Amino acid sequence: MFEALSEKLGSIFKKLKGRGLLKEEDIVEAMKEIRIALLEADVNFKVVKDFTEKIKTRAVGKEVIDSITPGQQVVKIVHDELCSLMGGGDEASQSQRKIHLSPNPPTVIMMVGLHGSGKTTTSAKLAKGFKKDGRRPLLAALDTQRPAAIEQLTSLGSQTGIPVYGTRAGDDPVKVGAEAIKKAQAEGWDIVILDTAGRLHVDEDLMKELDAVKAETKPREILLVADAMTGQDAVNIAKSFNDRLDINGVVLTKMDGDARGGAALSIASVTGKPIEFIGVGEKIDLLEPFHPERMAGRILGMGDIVSLVEKAQESVNAEDVANLHKKIKEDRFTFEDLRDQIKQIKKMGPLENILGMIPGLGKQIKGASVDDREFIRIEAMINSMTKKERENYAIINGSRKKRIAHGSGTTVSDVNKLLKQYVQMKKMLKMFKSGRGLDRIKQMTGFMRGF
Amino acid sequence: MGFFDRLKQGLLKTRKSIVEKAEALFLGRTVDEGLLDELEEILIMADVGPRASSDIIHALKERFKKGDISDSNALKIALKEEIRKSVEDGSGIKVTIERPYVILAVGVNGVGKTTTIGKLASRFTKEGLKVILAAGDTFRAAAIEQLEIWSERAGAQIVKHKSGADPAAVAYDAIVSAKARGADVVIIDTAGRLHTKVNLMEELKKIKRVVSKELPFAPHEVLLVVDATSGQNVIHQAKIFGEAAGVTGIALTKLDGTAKGGIVVAIKRELDIPVKLIGVGEGVEDLRDFNAEEFVEALFG
């Protein structure tokens with residue numbers, strides 16, 4: 001996500017580190033770098049101007065000059081400012097960042113945005129989330145314009161088991177919206193998500209059409225769907241949609257790419273509306289809540305360890321963890337356990353998404369090809385071992401290696417590599433056993449809490 | 001309406017903001033560093049990017065110091081020159097003598113690949129060429145149906161498999177059937193993919209491999225479709241798609257909004273990939289060959 005920007009800021013603050021006291025010109029230099037970094041991250045020019053001004057006034061004061069670790073002080077100031085610009089992390093703003101349901105159902109949610117921003121996919125993701133919460137969502141296909149748009153929503157609906165109200169291409173979207181709500185009332189669907197056609201914010205006729213849909217369907221929430229890759233124009237787009245429709249919030253899509261997502265800052269600051277969700281993949285369940293402090297953390301190269309831990313908690317059960325700990329303690333970590341671990345990691349989603357969340361790792365893995373298929377190969381090799389071999393790797397001799405390679409469609413050198421990695425892993429785990437590793441993690445989280 | 005008018009109309013809002021700003025800026029001003037800084041701001045706001053903008057302004061500053069630029073009018077002309085230098089060589093798409101002429105369209109999600117292909121197909125069939133579309137986006141829901149509607153509109157044939165099929169197999173079948181039916185042009189649609197997805201970029205390489213195995217020198221054109229609304233990330237996109245698929249040109253879509261598409265200036269400068277097509281509206285005739293001269297003229301009036 002924001003890796004590239006965090007790299008930049010990281011290198012700036014590295015320069016600041018170890019200099020003792022900060023001179024004013026050091027800050028000016030850092031501000032120049034921050035300005036370029038933010039501009040390269042596609043934060044709007046004017047937003048950047050305001051931002052660096054604020055930082056400068058705060059940084060050139062005593063706060064920084066008197067402090068013992070000036071680099072960290074600047075990091076904290078930038079972090080706080082980024083955070084507050086994107087909506088803040090306190091509870092009040094947190095509760096603002098969610099979808100409000102209306103007291104008398106159905107709650108109508110209207111999705112708007114430019115062409116190709118991801119409205120249809122996001123609509124399906126939202127609906128699936130509601131269904132998971134025990135609600136009864138209905139999707140309505142108001143994009144009667146783009147070829148096969150209705151079919152697209154219908155197909156996503158049938159994949160997720162969510163009903164779709166769609167009529168024919170060319171029908172009046174206002175009418176379709178009204179009919180969808182009537183259907184929801186009659187059949188007891190408590191949420192109606194209106195997937196409207198993509199349109200340019202300067203297209204007067206189509207913007208008028210949105211006015212009409214809004215007036216007819218009286219949505220409780222209007223969500224602007226925006227692409228994380230959007231450039232300087234993000235402010236114009238967000239402002240136009242917000243001025244016209246008074247949107248309630250924003251969904252930022254395609255966050256699983258490497259766009260630095262400066263649009264998040266631009267949109268938040270120009271509309272004052274919260275970013276409620278981020279889209280992180282094409283699978284229908286990849287919609288996540290937006291956390292400004294995590295995002296700011298990513299910007300500053302601190303990674304997104306909180307999301308990682310949450311993901312791990314979702315896919316790992318406590319009993320397994322206790323079991324694993326015991327095994328590691330007794331130095332009994334076998335290939336069977338390794339296979340279980342791989343299965344669990346795979347449950348957490350694409351590997352590159354996971355690695356990107358680890359602090360400081362973003363830089364290392366960039367460019368290195370992270371291939372989920374490597375897991376499949378390792379799994380295949382483990383599967384080709386006998387139970388005895390899995391429990392005691394020491395018995396794997398030349399002819400066994402040959403058999404394993406043959407059975408898994410790999411080569412003997414692949415098997416050798418796996419064995420080597422396994423032995424290394426065991427060594428590392430011993431380190432954790434002694435408790436030193438745990439201390440290190442504690443240090444790290446303590447450091448993060450400092451911000 | 002001629003090309004120039006339509007482009008101008010499509011770029012009107014763009015033109016308005018840049019030109020008005022630039023005009024107001026130039027009017028009765030003496031050329032100094034302050035004016036140049038403000039000019040840099042305009043370029044950055046057009047998504048040219050901080051680095052390319054700074055390079056362009058730097059070049060202007062040099063000429064100013066040398067005494068080349070004396071008044072604000074000369075500065076305006078010099079600015080146009082600098083930008084034109086950065087976008088030159090966009091030549092549009094020419095179907096050469098080779099048959100079938102194969103075009104592979106790639107890009108991230110939601111940039112307008114399928115729509116661009118549909119319009120391009122219409123253009124070719126109007127020229128009397130026999131066109132086959134390959135429905136290579138087997139991933140996104142209803143993508144095949146979408147391309148099918150376009151093929152009907154354009155009077156082109158379509159080769160498709162079931163949703164979820166191997167896109168390389170679709171591309172292969174399209175080439176084989178184009179050879180058998182004596183088609184002039186094959187346009188291969190692909191699923192939108194973020195350039196950061198290693199597996200999907202591998203899939204793209206495979207499509208390309210399969211195509212060139214069946215037909216040497218194909219694909220003749222690999223078009224990266226780029227959304228003009230996008231910012232600096234497009235440079236990463238162009239670089240990585242370029243490495244995976246050998247991008248030969250860019251189709252810049254959605255230029256009819258307020259986005260300025262200045263990113264193509266940075267891409268040409270950094271990666272030397274030219275813009276070949278631009279999309280300035282919803283109509284079939286709104287997909288145009290890119291022309292640097294007219295582009296800059298329309299931009300700066």
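The values are calculated or read from the model by the stated rules, or taken from the named source; none is laboratory data. On a predicted model such as this, the values are computed, not experimentally measured, just so you know. Cβ sites come from the backbone with ideal geometry, for glycine too, and all protein chains shown count toward neighbours. Ligands, DNA and RNA are excluded from the accessible area calculation, which covers all protein heavy atoms including side chains. Shrake-Rupley method; radii C 1.70, N 1.55, O 1.52, S 1.80 Å.
Among the candidates B:113, B:76, B:85, B:80, which residue alone is of a type in the set (D, E, K, R), under 25 Å from residue B:228 (Cα atoms) and buried (at least 24 other Cβ atoms within 10 Å of the Cβ)?
On the way: B:76 fails: buried (at least 24 other Cβ atoms within 10 Å of the Cβ); B:85 fails: buried (at least 24 other Cβ atoms within 10 Å of the Cβ); B:80 fails: buried (at least 24 other Cβ atoms within 10 Å of the Cβ).
The match here is B:113.
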When segment A:180-201 is examined, which residues are found to be assigned to a loop (DSSP other than H, G, I, E, B) and either within 20 Å of residue A:131 (Cα to Cα) or open to solvent by 40 Å² or more (accessible area, probe 1.4 Å) (or both)?
A:188, A:189, A:190
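What number of residues within segment A:235-271 are under 17 Å from residue A:85 (Cβ atoms), outside any helix (DSSP H, G or I) and at pLDDT below 90? If you could, list the steps in order and put the result at the bottom.
Just the residues of segment A:235-271 that are under 17 Å from residue A:85 (Cβ atoms), to begin with: A:235, A:238-239, A:242, A:249-250, A:252, A:260-271.
When the remaining residues are screened for being outside any helix (DSSP H, G or I), the result is A:249-250, A:252, A:260-261.
Checking which are at pLDDT below 90 leaves us with A:260-261.
Of the residues in that region, 2 qualify.
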Residues being among the polar types (S, T, N, Q) and crowded, with 16+ Cβ neighbours inside 10 Å: count how many of those fall in segment B:29-53.
1
I need a count of the residues in segment A:35-63 that are in a helix (DSSP H, G or I), open to solvent by less than 40 Å² (accessible area, probe 1.4 Å) and either acidic (Asp, Glu) or at pLDDT below 80 (or both).
3
If we keep just the residues of segment A:129-149 that are farther than 20 Å from residue B:117 by Cα and part of a loop (DSSP other than H, G, I, E, B), which is farthest from the other protein chains (Cβ to nearest Cβ)?
A:134
Would you check if residue A:224 is under 14 Å from the mean Cα position of the chain (by Cα) and not in a helix (DSSP H, G or I)?
no
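Can you pull out the residues in segment A:142-158 that are polar (S, T, N, Q) and open to solvent by less than 20 Å² (accessible area, probe 1.4 Å)?
We begin by selecting, within segment A:142-158, every residue polar (S, T, N, Q); these are A:144-145, A:152, A:154-155, A:158.
Answer for segment A:142-158, where residues must be polar (S, T, N, Q) and open to solvent by less than 20 Å² (accessible area, probe 1.4 Å): A:144, A:152.
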Of the numbered conditions (1) in contact with a helix residue (DSSP H, G or I) (Cβ under 7 Å, 6 or more places away or on another chain); (2) under 29 Å from residue A:38 (Cα atoms), residue A:233 satisfies every one except a single condition; which is it?
(1)
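Quick one: is residue B:212 within 25 Å of the chain's Cα centre (by Cα) and among the polar types (S, T, N, Q)?
Working: within 25 Å of the chain's Cα centre (by Cα): yes; among the polar types (S, T, N, Q): yes.
Against the criterion (within 25 Å of the chain's Cα centre (by Cα) and among the polar types (S, T, N, Q)), residue B:212 qualifies.
Does residue B:164 meet the test of being within 13 Å of chain A (Cβ to nearest Cβ) and either touching a Cys at 6+ places or on another chain (Cβ under 8 Å) or at positive phi (or both)? If you could, list the steps in order and put the result at the bottom.
Working: within 13 Å of chain A (Cβ to nearest Cβ): yes; either touching a Cys at 6+ places or on another chain (Cβ under 8 Å) or at positive phi (or both): yes.
The answer is yes for residue B:164.
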Applying the selection to segment B:94-128, what residues are in contact with a helix residue (DSSP H, G or I) (Cβ under 9 Å, 6 or more places away or on another chain), part of a loop (DSSP other than H, G, I, E, B) and away from every other protein chain (no Cβ under 14 Å)?
B:95, B:99, B:100
Any residue in segment B:24-52 that's farther than 17 Å from residue A:236 by Cα: show its pairings with residues that are at pLDDT below 75 at Cβ separation under 6 Å, as long as the two are six or more apart or on different chains.
B:35/B:29; B:38/B:25
Looking at (1) under 30 Å from residue B:255 (Cα atoms); (2) away from chain B (no Cβ under 14 Å), which is the only condition residue A:99 fails?
(1)
Listed by first then second residue, the pairs whose first member lies in segment A:322-335 and is open to solvent by less than 100 Å² (accessible area, probe 1.4 Å) and of a type in the set (A, V, I, L, M), whose partner is in a helix (DSSP H, G or I) and modelled with pLDDT of 75 or more, with beta carbons under 7 Å and at least 6 positions apart or on separate chains, are A:324/A:337
Pick from A:170, A:177, A:161, A:166: which is among the small types (Gly, Ala, Ser), surrounded by fewer than 19 Cβ atoms within 10 Å (Cβ to Cβ) and in contact with a Ser or Thr (Cβ under 6 Å, 6 or more places away or on another chain)?
A:170
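What about residue A:214, is it more than 8 Å from chain B (Cβ to nearest Cβ), at negative phi and open to solvent by 10 Å² or more (accessible area, probe 1.4 Å)?
yes
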Restricting attention to segment A:243-269, report how many residues are open to solvent by 10 Å² or more (accessible area, probe 1.4 Å) and farther than 20 Å from residue A:42 by Cα.
4
Which number in (1) open to solvent by 10 Å² or more (accessible area, probe 1.4 Å); (2) under 17 Å from residue B:207 (Cβ atoms) marks the one condition that residue B:152 misses?
(2)
When both residues are 6+ apart or on different chains and their Cβ atoms are under 6 Å apart, which pairs have a first residue that lies in segment A:204-227 and is farther than 15 Å from residue A:101 by Cα, and a second that is assigned to a helix (DSSP H, G or I) and of a type in the set (Lys, Arg)?
A:207/A:244; A:225/A:119
Among the residues of segment B:283-301, which ones are part of a helix (DSSP H, G or I) and buried (at least 19 other Cβ atoms within 10 Å of the Cβ)?
B:292, B:295, B:296, B:298, B:299
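Taking the condition closer than 30 Å to residue A:38 by Cβ and either open to solvent by 10 Å² or more (accessible area, probe 1.4 Å) or assigned to a helix (DSSP H, G or I) (or both), does residue B:144 pass?
Values: closer than 30 Å to residue A:38 by Cβ: no; either open to solvent by 10 Å² or more (accessible area, probe 1.4 Å) or assigned to a helix (DSSP H, G or I) (or both): yes.
Taking the combined requirement at face value, the residue does not satisfy it.
Restricting the search to segment B:129-141, which residues are open to solvent by less than 20 Å² (accessible area, probe 1.4 Å) and within 12 Å of chain A (Cβ to nearest Cβ)? Explain how you work it out, then say what you get.
Step one: of segment B:129-141, the residues open to solvent by less than 20 Å² (accessible area, probe 1.4 Å) are B:131-138, B:141.
Within segment B:129-141, B:135, B:137, B:141 meet the criteria.
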